[in-house]
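Reviewing the structure listed below.
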Amino acid sequence: MTRLTFRAADASTWHDLERLFEARGGPGHCWCMVWRRTPEESHDARPASRKRMLHARVEAGVPVGILAYRGGEPVGWCSVAPRETLRGTAGAPAAAPGDRVWSIVCFFVPRALRGGGMTRRLIGAAVKHARAQGASVVEAYPVDPDSPSYRFMGFVSTFRDLGFVEVGRAGTRRHVMRLAHPRR
């Protein structure tokens, strides 16, 4: 894989996020809102509504994730944000008092770029980003390779190889894995 750079998804990169999500095969149907929607927002699952919901968070300065770039073009996405901004992390064991937990809940890599280590690089960049924002723990909810769902959350072996440790389960398929006090 060629050189990648990573940037936070924020107001300055919103148009890049739009291009990536709306490209063929992109996650323009969910807009990475599954874990973010409030109960009130859950009643409107239309893609345009989900896009507006995510855009409102970005415009308000709420952290939502990072983008990977190759040659100035957005080529990957990792949702990484403070756990308290996500509702889908219920079931994860409580963190130690005083820990600031950030959660990795989703990836998107265009099909043509899959299999080249992009997810590992996104995880590394997500951990670095979360640490720069004050995270003391980075948590993820990956699945086993034979899982029929939630594959967009990554695989247990990838996180384990990067130093994450399993601390519990969230539902029947998702493992809860943590990288405590991310390395500098």
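What follows draws every value from the coordinates through simple rules; no lab data is involved. Not measured: the values here are computed from a predicted model. Here the Cβ is made from the backbone with ideal geometry for all residues, glycine too, and neighbour counts use every protein chain on show.
Of MET53, MET153, how do they rank once you tally other Cβ atoms within 10 Å and put the fewest first?
The fewest-first ordering by Cβ neighbours comes to MET53, MET153.
About its Cα centre, the chain has a charge dipole of approximately 360 debye under the convention of +1 per Lys or Arg Cβ and -1 per Asp or Glu Cβ, with nothing else charged. Radius of gyration over Kirkwood radius for the stretch 1-54, both on Cα atoms: the Rg/Rh ratio is 1.04. Note on ARG46 and GLU22: their simple-model spin labels are 1.6 nm apart, each label 7 Å out from Cα toward Cβ.
Positive contributions from Lys and Arg (+1) and negative ones from Asp and Glu (-1), summed over other residues with Cβ under 13 Å from the Cβ of PRO93, come out at +1.
Helix by helix through the chain, keep the DSSP H runs that span 15 Å or more along the axis on Cα and average at least 0.5 on Kyte-Doolittle, and give those back in order.
On the way: long enough: 47-59 (18 Å, -1.00); 118-132 (21 Å, -0.01).
Both cut-offs are met by no helix.
Dividing the radius of gyration of the alpha carbons in the chain by their Kirkwood radius gives 0.93 for Rg/Rh. Take every DSSP beta bridge whose two residues both sit in the chain; close to 85 percent of them are antiparallel. When the Cα convex hull of the stretch 120-184 is projected onto planes of every orientation, the mean area is 4.2 nm².
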